[in-house]
There are 2 protein chains.
Amino acid sequence: MNLTNLTNLTLPAIAPLSDTALTQRLQHKLDNKTKPLGSLGRLESLALQLGEILGSETPELRAPQLVVFAGDHGLAARGVSAFPSDVTWQMVENFLAGGACVSVLARQHGLALTVVDCGVRHDFAPREQLLVRKVAPGTADASAGPAMTPEQCHQALRNGMALLKALPGNAFLPGEMGIGNTSAASLLLARLARLDISDCTGAGTGLDSAAIARKLTVLREVLLKHPEAKAPLDVLAAFGGFEMATMVGAVLQAAAERRVIVVDGFIASSAVLVASMLAPHVLQRCIFAHRSGERGHALMLAHLKAEPLLDLGLRLGEGSGAVLAWPLLQSACAVLREMASFESAGVSQKDA
Amino acid sequence: MNLTNLTNLTLPAIAPLSDTALTQRLQHKLDNKTKPLGSLGRLESLALQLGEILGSETPELRAPQLVVFAGDHGLAARGVSAFPSDVTWQMVENFLAGGACVSVLARQHGLALTVVDCGVRHDFAPREQLLVRKVAPGTADASAGPAMTPEQCHQALRNGMALLKALPGNAFLPGEMGIGNTSAASLLLARLARLDISDCTGAGTGLDSAAIARKLTVLREVLLKHPEAKAPLDVLAAFGGFEMATMVGAVLQAAAERRVIVVDGFIASSAVLVASMLAPHVLQRCIFAHRSGERGHALMLAHLKAEPLLDLGLRLGEGSGAVLAWPLLQSACAVLREMASFESAGVSQKDA
C-alpha cells in the first residue's frame, strides 16, 4: 500500500520559485543599502528568501496566522511522555484562555491565534478561536497497529488544506500540542531519513535518562511493527498524530499559495519533512525559526539542509520558537522596504 | 600615569545584585509556568536576569533608549578601514533622516533613537534627535601618540554619564558609528585581555585579506608605540575613540541606575570590557545581544563569559544587533508577567 498514490486525495501543485531576475534585483537592492556589503549576515539571506517567496522587491508580511494543531496519541499509553495525556486538552484550554506561552507571545506580536482540535480525546465547548476538525479522539497505539487508517490520514490532510485555505494573510506559523508527539516525530525522522532511532530520541517534555531508555525500547518495537511503512504518507499513518497529518496538509496548501511558512521545532519540522517528500519545493517557502534543544532536531535540520535563525535551547513546541523568530522576519522585510541606498542617502561608497 | 586614579573624575558606585531571595522567587515562578521545566531554554535565564536587574518578579521594560555614539578616529588616516572617514558624518545624517538600518529597526520596535556627536569631524546643524557632546573633531592618530589626552578621555566619560542620566526609561541600547573603530576595539581587546592582536583583528567594514594584513601591521605598530598603557582608562585613551569613551561613561551610569544594558557587537562590547574592568558588577546588568561576524568578537565574549542571544553573522554595528535581540527581552518579561501557572490554568503536573 502506498497512501501517496491513492486516488481519493489530490495534493496541491507546488511550483518551484525560479524567478532569477527577481533574485538578482533583490540582491542588488540589498548590496546598495547603506551598510558594508553582507554586513547584516543571515538577515540578508532571510530578506532575499522572503522577497522570493512573496514575489516582491518590497515584501510585506500581512495578517500572519499562528495555528496550533492539537491531537492525542495512542502510544502515550505506553508511558513515552513525562506528562499524562490529559495535558493535551488542558493546554488547549490554556491556549484559548490566553495563559500559555504561545498565547502570550502571539499577543506581544499581534499574531492571530487559532487552535485546531485535530483529534484530542476531549469534547470542547465551542469558542471563537477554536476549530474542531477532529478525525477521531486520539490515534491508535502505534505499537499495536497503524496510528491511523488510510482514510483518517487523508481526512486529516484534507482538513489541513481546507482550513489553511480559509485563513487570510501571507504568512503561516504552525504550532502543535500533543502529549506523545516527540515519539511520533522521532519515528518519522528515523524511518524517513534512515537514521538510527537512538539518535532521534530525546527527553521530550522532560524524561530522565532511565525513562528515555524505556521510551527508546518502545520506539524500537514500534518501528519493527511497521516494516512496510516507507513512503511518506504510509510512515505518517503508521507513526504520526492527527495534529501532524493536519499540519502536513496545511503546510502543503500554504506552500501552494506561496505563503511564508515559519517552522517551529521538532514536531513542526517533522510535518515539513513529510510535506517536502511529497513536494520538494515546499522547502523554498520555509523559514526555519530555531534549533530546538530536543535531541533529533539538529539531525532533522541537517537532513533538510535548513539553517535556523535562533538557537536558544527551546523545547516547548506550541509554535513558541516560530513566534520568537517572527520579528526577525519583519526586520528583514523592513530592511528591504525602508533602508536608504548609498545614492539616496548621499553616503560615500567603499574606497576603490 | 594611571588615568583611573586621577582625582578629577568620580565614577558612579555600582553595587552587586545579590538578592538571592528574589532570584529564588523568580526561579520558582518560572518553574511553575505551564511548560515543561526549563523548556524555554535561554529565554528563562534571560527572564531571570531581567528580573534581577529590575528587582522585580514582574519586570517591565520602560522607555527603552537606543543611543548611537559617533566619533572619528585619527588612525583612519593610516588606511585601516575600507571606507573613508567622511562616512561617519554621512551616516549620522542617515541615522537622523531615518534611512539607516538602526533607524528602520528602531521604528519597528518603537525605540527612542538619539544620536550623539562625541567627536565627529563635521559640524552638524541642530536636530531634535542629535546631542552634540563633541570632545574634539576626531581623535589623534594613535600610531603617532595617544588617541586622546587624559582630559579628553575624562570629558568623554563625564559626557556619557551626564547624557545617560538625563534619559528616561530602564533599558539602554548603546550603538556606535565611527570609521576606524574596529581597529580601536581590536587594540583594546588585545591589550586588556592580553591576546595576540592577530586573533583580534578582522575585516571591519569589508577589507580583503591583503588589506587586513596591512591593518594588522599598523595595529602592531600602534601597540608597540604605547607599552605603558595597561590600566583600563590608559588603554582607552591610548587607542580608543571619543564615541567609545562616551559609551563607557554611559554604560557605567546605566549600570549604577540598574538599567538593563543591551550590548551590541564588537565595539559596544569593547566599551563594556573597559567599564567592567572599572566596575565588575556592570556585567550583571548586561544582556549580550549577539555574536558578531567580526573576528575578535567571539574571543571578547568568551573573555567576558558572555552568552549572547543571537548568532546571525551580523557585523554592522550602529546598535543593530541589540535592536534585533530586543523583542526577546520583551518576550522574557511577558513570560514572567503573563504566563499561567499549572495551578492557575488547571493543567496537570508531570507524572511522579
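Of the set (1) within 14 Å of chain B (Cβ to nearest Cβ); (2) under 23 Å from A:L236 (Cβ atoms); (3) of a type in the set (A, V, I, L, M, F, W, C), all apply to A:F69 but (1). For the range A:28-65, the tally of residues that are more than 14 Å from chain B (Cβ to nearest Cβ), among the charged types (D, E, K, R) and buried (at least 16 other Cβ atoms within 10 Å of the Cβ) stands at 1. Of the numbered criteria (1) at negative phi; (2) in contact with a helix residue (DSSP H, G or I) (Cβ under 6 Å, 6 or more places away or on another chain), the one A:G319 fails is (1).
State whether the residues of the range A:10-19 include one that is within 14 Å of chain B (Cβ to nearest Cβ), open to solvent by 20 Å² or more (accessible area, probe 1.4 Å) and over 24 Å from A:A231 (Cα atoms). Within the range A:10-19, none of the residues are within 14 Å of chain B (Cβ to nearest Cβ), open to solvent by 20 Å² or more (accessible area, probe 1.4 Å) and over 24 Å from A:A231 (Cα atoms).
Return the only residue of B:R107, B:R133, B:R121, B:R158 being more than 30 Å from A:L43 (Cα to Cα), within 14 Å of chain A (Cβ to nearest Cβ) and charged (D, E, K, R).
Among B:R107, B:R133, B:R121, B:R158, only B:R121 is more than 30 Å from A:L43 (Cα to Cα), within 14 Å of chain A (Cβ to nearest Cβ) and charged (D, E, K, R).
Can you find a residue in the range B:265-272 that is part of a loop (DSSP other than H, G, I, E, B), surrounded by fewer than 22 Cβ atoms within 10 Å (Cβ to Cβ) and within 15 Å of the chain's Cα centre (by Cα)? The answer is no; no qualifying residue exists.
With a requirement of 1 or more residues that are farther than 25 Å from B:V102 by Cβ and at the interface with another protein chain (Cβ under 9 Å from one of its Cβ atoms), the helices (runs of 4 or more DSSP H) lying completely within the range A:280-345 that satisfy it span A:320-338.
Of the candidates A:V87, A:V104, A:V68, A:V92, the single residue that is outside any loop (DSSP other than H, G, I, E, B) and within 17 Å of the chain's Cα centre (by Cα) is A:V68.
Among all positions in the range A:121-135, there is no residue which is open to solvent by less than 20 Å² (accessible area, probe 1.4 Å) and touching a residue at least 60 places away in the same chain (Cβ under 8 Å).
The residue of the range B:184-201 that is farthest from B:A271 (Cα to Cα), among those that are without any contact (Cβ under 8 Å) to a residue 60 or more places away in the chain and part of a helix (DSSP H, G or I), is B:S198. The residue that is surrounded by the fewest Cβ atoms within 10 Å (Cβ to Cβ), counting only those in the range A:87-104 that are in contact (Cβ under 8 Å) with a residue 24 or more places away in the chain and at the interface with chain B (Cβ under 7 Å from one of its Cβ atoms), is A:V87.
Residues that are open to solvent by 30 Å² or more (accessible area, probe 1.4 Å) and hydrophobic (A, V, I, L, M, F, W, C) within the range A:184-202 comprise just one, A:L195. A:S269 passes every criterion in (1) closer than 22 Å to A:L9 by Cβ; (2) of a type in the set (S, T, Y); (3) in contact (Cβ under 8 Å) with a residue 40 or more places away in the chain apart from (1).
For the range B:66-86, the candidate set comprises residues that are closer than 19 Å to B:C101 by Cβ and of a type in the set (V, I, T); within that set, the residue that is surrounded by the most Cβ atoms within 10 Å (Cβ to Cβ) is B:V68. For the range B:105-120, which residues satisfy the criterion of being open to solvent by 10 Å² or more (accessible area, probe 1.4 Å) and of a type in the set (G, A, S)? Scanning the range B:105-120 gives B:G110, B:A112. Of all residues assigned to the range A:166-183, at least one qualifies as being in contact (Cβ under 8 Å) with a residue 12 or more places away in the chain, among the charged types (D, E, K, R) and crowded, with 21+ Cβ neighbours inside 10 Å. Taking first residues from the range A:326-349 that are in contact (Cβ under 8 Å) with a residue 12 or more places away in the chain and partners that are of a type in the set (S, T, Y), the Cβ contacts under 7 Å between residues at least 6 apart in sequence or on separate chains come to A:L336/A:T58; A:R337/A:T58; A:M339/A:T34; A:A340/A:T34; A:S341/A:T34; A:F342/A:T34; A:A345/A:T34; A:V347/A:T34. So, B:G204, is that one in contact (Cβ under 8 Å) with a residue 12 or more places away in the chain, part of a strand (DSSP E or B) and under 18 Å from the mean Cα position of the chain (by Cα) or not? So B:G204 fails the test. Filtering the range A:217-234 to residues that are in a loop (DSSP other than H, G, I, E, B) and touching a residue at least 12 places away in the same chain (Cβ under 8 Å) leaves A:H226, A:E228, A:A229, A:K230, A:A231. Scanning the range A:82-112 for residues being among the small types (G, A, S) and within 17 Å of A:E243 (Cα to Cα) gives a total of 1. Screening A:A47, A:A82, A:A76, A:A63 for residues that are within 22 Å of the chain's Cα centre (by Cα) and part of a loop (DSSP other than H, G, I, E, B) leaves exactly one candidate, A:A63. When B:M161 is tested against the conditions (1) open to solvent by less than 30 Å² (accessible area, probe 1.4 Å); (2) under 16 Å from B:F239 (Cα atoms), the lone failure is (2).
The values are calculated or read from the model by the stated rules, or taken from the named source; none is laboratory data. Keep in mind it's a predicted model, so treat the numbers as computed, not measured. Using ideal geometry, Cβ is built from the backbone for each residue, glycine included, and neighbour counts are taken over all protein chains shown. Remember, those area values only see protein heavy atoms, side chains included, never the ligands or the DNA or RNA. Shrake-Rupley method; radii C 1.70, N 1.55, O 1.52, S 1.80 Å.
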